[in-house]
Amino acid sequence: MKLLIAIVQDADVNFLIDALTEEGYRITKLATTGGFLKKGNTTLLIGVEENELEEVLGIIESNCKKRNTKTNIINPSVESSILTNTVPIEITVGGATIFVIDVEQYIQL
Ligand code: 2BA
């Protein structure tokens with residue numbers, strides 16, 4: 001068995017959960033925050049059998065979009081107040097960041 005830890009954008013999560021539950025997968029949804037943007041995102045825990053892994057990855061891929069966003073970063077080469085030494089950058093977020101972990105035991109009591 002595998003545990004997928006999938007970090008996705010909030011805008012995609014309802015469609016993704018609907019698509020996964022329609023196929024019979026079980027999910028736990030966690031409200032999380034990205035360390036770089038410090039904005040909310042969603043982390044899904046999905047326990048699957050090994051032969052289901054490719055299907056689940058495909059469902060995630062087809063429901064999670066890449067999006068561009070702008071943020072300000074501090075330019076360390078400029079010595080001035082925090083208001084004037086930030087520079088805007090454009091970054092691409094998503095579709096999804098996924099960790100796949102081997103499950104030693106799956107117990108439901
Ligand atoms: P955030 O940490 O808020 O990152 C949002 C986006 O900012 C990232 O999108 C990436 O495009 C950019 N970014 C992150 N760190 C950066 C850095 N040091 N320099 C320049 N740009 C940077 P994604 O890569 O799609 O990541 C989306 C979210 O997935 C992340 O939100 C974080 O919550 C999670 N994530 C991604 N990689 C991770 C990892 N290795 N470990 C844990 N969480 C991760």
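Would it be correct to say that Thr42 is in contact with a Ser or Thr (Cβ under 8 Å, 6 or more places away or on another chain), without any contact (Cβ under 8 Å) to a residue 60 or more places away in the chain and buried (at least 17 other Cβ atoms within 10 Å of the Cβ)? Yes, satisfied.
What about Val48, is it of a type in the set (Val, Ile, Thr) and in contact with a Lys or Arg (Cβ under 7 Å, 6 or more places away or on another chain)?
Spelling it out, Val48 is indeed of a type in the set (Val, Ile, Thr) and in contact with a Lys or Arg (Cβ under 7 Å, 6 or more places away or on another chain).
Scanning the stretch 22-41 for residues that are under 18 Å from Ile101 (Cβ atoms) and either of a type outside the set (D, E, K, R) or not in a loop (DSSP other than H, G, I, E, B) (or both) gives Tyr25, Ile27, Thr28, Lys29, Leu30, Thr32. Among the criteria (1) within 21 Å of Lys2 (Cα to Cα); (2) surrounded by 15 or more Cβ atoms within 10 Å (Cβ to Cβ); (3) not aliphatic (A, V, I, L, M), the one Glu61 does not fulfil is (2). Taken across the stretch 57-70, residues that are among the charged types (D, E, K, R), within 16 Å of the ligand (Cβ to nearest atom), part of a strand (DSSP E or B) and in contact (Cβ under 8 Å) with a residue 40 or more places away in the chain do occur, with at least one present. For the stretch 24-39, taking the residues that are surrounded by fewer than 11 Cβ atoms within 10 Å (Cβ to Cβ) and of a type outside the set (Ser, Thr, Tyr), the one that is farthest from the ligand (Cβ to nearest atom) is identified as Gly24.
Residues in the stretch 43-52 include at least one that is modelled with pLDDT of 95 or more, within 20 Å of Leu16 (Cβ to Cβ) and not in a strand (DSSP E or B).
Selection of the stretch 2-44 for residues being under 29 Å from Gln105 (Cβ atoms) and touching a Gly at 6+ places or on another chain (Cβ under 6 Å) yields Leu3, Asn41.
Checked across the stretch 9-21, the condition of being loosely packed, with under 15 Cβ neighbours inside 10 Å and part of a loop (DSSP other than H, G, I, E, B) holds for no residue.
The values are calculated or read from the model by the stated rules, or taken from the named source; none is laboratory data. In this text the structure is predicted, and so the values were computed from the model without any measurement. Here Cβ is always computed from backbone atoms with ideal geometry, including for glycine, and neighbour counts include all displayed protein chains.
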